[in-house]
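The values are calculated or read from the model by the stated rules, or taken from the named source; none is laboratory data. In this text the structure is predicted, and so the values were computed from the model without any measurement. Because the Cβ atoms are built from the backbone with ideal geometry, glycine has one as well, and the counts that use them run over all protein chains shown.
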Amino acid sequence: MSPDPAFSGSQVLIFDTGPLWELILYTAVHKLRFLSLTPELRHLQNDLSYQRLSKFVASFPRKTTTPHVVAEINSRIVRTERKGHSEIWGLVYTEFSSMRMDEEAMKLLEMPQKLVANIGAVDVSVLKLGLSSGQPKSVVLSLDRHLIAECRQAGVNVKDLWEVISETDS
Amino acid sequence: MAPKMQSRRVAAWIYVVINPIIDSLQRELSFLNSGNLTWRSRTSQCELIKTIQEYVDPGQWPNYQVFVVEYKASAFIPGFKNHDSYLDKVNTAAKEVFVWLLNSNTFVNMFEAALKQYESQRPSMGVPAQSLVDSQKDAREETSQHIINNTQNLPSHYVLSAFWNLTGRNFLALRNAPEFLPLHRSKDKLLENSAKLKQALEHVRLHLSRDYDVPAAPVPGISFNEG
């Protein structure tokens, strides 16, 4: 994958829920054979997409997210078959520890109420993290168009998952 | 006269007990055949190989327990107990190997040499490769875990990826050390037992399906209301 000049020198990747959930699901379905989760996997449809995302994530020395994103991952796990919850949580722990994922708390009362009402507390937590972690050194990775638009408007570097997985190798 | 066994009860056994166990054993066999124990040092357990009861949704444990009682004389019930006992041995042996590796001069020296090689090649590797100098302890533990799990390759976004993909093959040679023998033996016993157990459960499912005219998997639109 060719390096994106806009992000050269970026140090911190901030995960929104969508791309993180896709990474976890891909491993669950394709490497661990949890085939019942296949319909949940919407974006990483083949190994090439997975490799592109994996390489993109690897290009950042630091990865972080917010507890709000973890809570949203929890709600997605709850939606799946109960018998597999323990295995999926195992995968989440493995992904987090293998990536050395960091987490940074954002208090609700420190988030603008109007914005929370508009795009939700999870998205605002990610946006605030992008604003607070010293641009242009950080990049938000999302597939949520509302969050992507808010990030762009606020001057936060943001990358759409679709751009990552559709980029051609140089 | 005892009431006739109803197909609803048999359907429950097939759908919420037998099928989930067969599916899980199938997954377990594919892991064990490749030597991947899915063992994690943070829990000292195989993450994806569990006791037979854990393969059943906790909400269906009453159905599992009734099934075990009703089939207590069957040949596969000892297979359940053996499975859990071999798994326990695998977990214990994996933990012992993990501790041995971390204290073994052979492994420690090998790790230090590999780290030195990696750090010197890192800038020219052409793939994102993070320095592991400041996280040596974590990297050493993770490396031990990958040796135990016979890991072949790691995805790029794992911090250890470039290191392991460069040096892992050499580390895997440590699996031939005599200290690994108890682990290999326990794994082989678990593998053999799980293969037989899966076959036995498929046999039971076939017979229940035939005898009670219950499909082997739920079919939308077909109910089991007794006449």
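A few comments on the model shown:
- Residue match in region B:163-184 (condition: of a type in the set (K, R), surrounded by fewer than 18 Cβ atoms within 10 Å (Cβ to Cβ) and touching a Gly at 6+ places or on another chain (Cβ under 7 Å)): no
- Segments classed as helices (runs of 4 or more DSSP H), wholly inside region B:90-180, with at least 3 members that are within 20 Å of the chain's Cα centre (by Cα) and not assigned by TED's automatic domain parsing to the domain that holds B:L48: B:136-148
- Filter pass, B:K72 being assigned to a helix (DSSP H, G or I) and closer than 27 Å to B:E192 by Cα: no
- Selection of region A:103-121 for residues being assigned to a loop (DSSP other than H, G, I, E, B) and within 15 Å of the chain's Cα centre (by Cα) yields only A:E104.
Matching residues to (1) more than 10 Å from chain B (Cβ to nearest Cβ); (2) hydroxyl-bearing (S, T, Y); (3) part of a helix (DSSP H, G or I):
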| position | (1), (2), (3) |
| --- | --- |
| A:L25 | yes, no, yes |
| A:H30 | yes, no, yes |
| A:R52 | no, no, yes |
| A:V92 | yes, no, yes |
| A:S97 | no, yes, yes |
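- Qualifying residue in region A:105-119 (condition: touching a residue at least 12 places away in the same chain (Cβ under 8 Å), within 28 Å of A:S36 (Cα to Cα) and out of contact with any strand residue (DSSP E or B) (no Cβ under 7 Å at 6 or more places or on another chain)): no
- Any hit, region B:75-89, residues being in contact with a Ser or Thr (Cβ under 9 Å, 6 or more places away or on another chain), under 21 Å from B:N176 (Cβ atoms) and modelled with pLDDT of 95 or more: yes
- Criterion (without any contact (Cβ under 8 Å) to a residue 24 or more places away in the chain, more than 30 Å from B:Q53 (Cα to Cα), surrounded by fewer than 19 Cβ atoms within 10 Å (Cβ to Cβ) and under 16 Å from the mean Cα position of the chain (by Cα)) met by exactly one of A:R62, A:R145, A:R100: A:R145
- Taken together, A:E81, A:E110, A:E167 contain a single residue that is acidic (D, E) and either surrounded by 17 or more Cβ atoms within 10 Å (Cβ to Cβ) or more than 22 Å from A:I24 (Cα to Cα) (or both), which is A:E110.
- Yes/no for B:G59 being exposed (fewer than 14 other Cβ atoms within 10 Å of the Cβ), in a helix (DSSP H, G or I) and among the small types (G, A, S): yes
- Any hit, region A:62-83, residues being more than 14 Å from every other protein chain (Cβ to nearest Cβ), assigned to a helix (DSSP H, G or I) and hydroxyl-bearing (S, T, Y): yes
- Residues that are of a type outside the set (G, A, S) and surrounded by 15 or more Cβ atoms within 10 Å (Cβ to Cβ), drawn from region B:72-83: B:F76, B:I77, B:F80, B:N82, B:H83
Rundown of residues vs (1) within 12 Å of chain A (Cβ to nearest Cβ); (2) out of contact with any strand residue (DSSP E or B) (no Cβ under 9 Å at 6 or more places or on another chain); (3) at pLDDT 95 or above, yes/no style:
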site	(1), (2), (3)
B:P3	no, yes, no
B:Q6	no, yes, no
B:V17	yes, yes, yes
B:I21	yes, yes, yes
B:L32	no, yes, yes
B:L37	no, no, yes
B:S44	no, yes, yes
B:T51	yes, yes, yes
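- Per the listing B:V204, B:V219, the residue uniquely more than 14 Å from every other protein chain (Cβ to nearest Cβ), surrounded by fewer than 21 Cβ atoms within 10 Å (Cβ to Cβ) and assigned to a helix (DSSP H, G or I) is B:V204.
- Test: residue in region B:132-142 that is buried (at least 21 other Cβ atoms within 10 Å of the Cβ), closer than 23 Å to B:K50 by Cβ and within 14 Å of another protein chain (Cβ to nearest Cβ): yes
- Any hit, region A:122-135, residues being part of a helix (DSSP H, G or I), hydroxyl-bearing (S, T, Y), within 14 Å of another protein chain (Cβ to nearest Cβ) and in contact with a Pro (Cβ under 9 Å, 6 or more places away or on another chain): no
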